[in-house]
Amino acid sequence: MIAFSDLASAAYCPRQLYYRRRDDDREVPATVRERIELAYRYPELATAPDATLRRLPIRREPAVYRRNLTRMRDHPEYDRLVDPAATRTVLTGRECRGVVHKLLAGDADRAPAPVVCSPGEPPEQGVFEPQSVRAVAAAKALAWERECEIPQTLVEYPAVGVVRTVRLTTRRKAAYRRTVRAVRAIDGPPARVDDDRCRSCAYRETCGPSRRTLRSLLHLGE
């Protein structure tokens with residue numbers, strides 16, 4: 001059974017997952033936990049004074065953060081987000097298993113929906129691929145448990161005050177399948193990558209990717 005967190009790591013870089021498994025690196029940093037906890041306090045934080053917000057691990061200035069939370073109220077799932085049916089729930093699917101931070105109840109018009117939280121920054125539009133793959137895994141696990149179709153997952157960025165809807169499109173499901181295959185294929189260090197992902201990877205020094213110099217590229221062409 002593949003963990004949701006392993007899928008997200010492999011979607012970022014399969015070699016990163018290899019090192020995490022090798023070092024048994026499963027500890028969640030305190031700052032990550034503190035930022036995710038903000039997802040359970042939106043109504044309170046939307047009116048909190050600057051002094052209170054400055055003591056919290058938010059990633060925006062207080063006025064901007066409050067404005068983001070005010071805008072979030074217009075999201076069609078806002079009422080379910082601030083009053084979820086369950087929190088910190090383990091879902092077990094056919095292939096993957098992991099924790100979702102919120103579980104939204106279904107009703108006559110809407111299917112239940114899992115919610116996963118990211119402590120980081122959202123992209124300009126949508127979500128980054130590791131979060132997309134994790135979101136699909138959560139939806140598939142909930143569908144497996146409930147024996148019903150789950151068409152979407154929500155991804156929250158509580159330190160920013162933003163929520164994004166991740167629909168299970170053909171493209172996203174294909175990325176999920178590729179990542180599952182990549183995880184299952186890991187039996188040694190996968191091939192290195194050498195691009196912008198490496199700059200923020202905790203295993204950069206261990207992995208040792210390096211860009212070729214212009215001199216070395218010219219030499220290869222001789």
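Look at (1) in a loop (DSSP other than H, G, I, E, B); (2) under 17 Å from Glu34 (Cα atoms) and you find that Gly126 fails only one, number (2).
Look at (1) under 14 Å from Ala10 (Cα atoms); (2) in contact with a Phe, Trp or Tyr (Cβ under 9 Å, 6 or more places away or on another chain) and you find that Gly161 fails only one, number (1). Within the stretch 162-192, how many residues turn out to be in a helix (DSSP H, G or I) and polar (S, T, N, Q)? So the answer is 2. A single entry from Ala3, Ala30 fulfils the requirement of being at pLDDT 90 or above, aliphatic (A, V, I, L, M), at negative phi and surrounded by fewer than 12 Cβ atoms within 10 Å (Cβ to Cβ): Ala30.
Yes/no per residue for (1) surrounded by 14 or more Cβ atoms within 10 Å (Cβ to Cβ); (2) without any contact (Cβ under 8 Å) to a residue 40 or more places away in the chain:
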position	(1), (2)
Val162	yes, no
Ala174	no, yes
Asp187	no, yes
Arg192	no, no
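Residues that are in a loop (DSSP other than H, G, I, E, B), touching an Asp or Glu at 6+ places or on another chain (Cβ under 9 Å) and in contact (Cβ under 8 Å) with a residue 40 or more places away in the chain are absent from the stretch 77-85. In the set Ile36, Ile58, only one residue is in a loop (DSSP other than H, G, I, E, B), of a type in the set (A, V, I, L, M) and touching a residue at least 40 places away in the same chain (Cβ under 8 Å); that residue is Ile58.
Residue selection: Ala138 satisfies the criterion of being touching a helix residue (DSSP H, G or I) at 6+ places or on another chain (Cβ under 8 Å) and under 29 Å from Glu44 (Cα atoms).
The values are calculated or read from the model by the stated rules, or taken from the named source; none is laboratory data. None of these values were measured; they are calculated from a predicted model. Glycine gets a Cβ as well: all are built from the backbone with ideal geometry, and neighbour counts include every protein chain shown.
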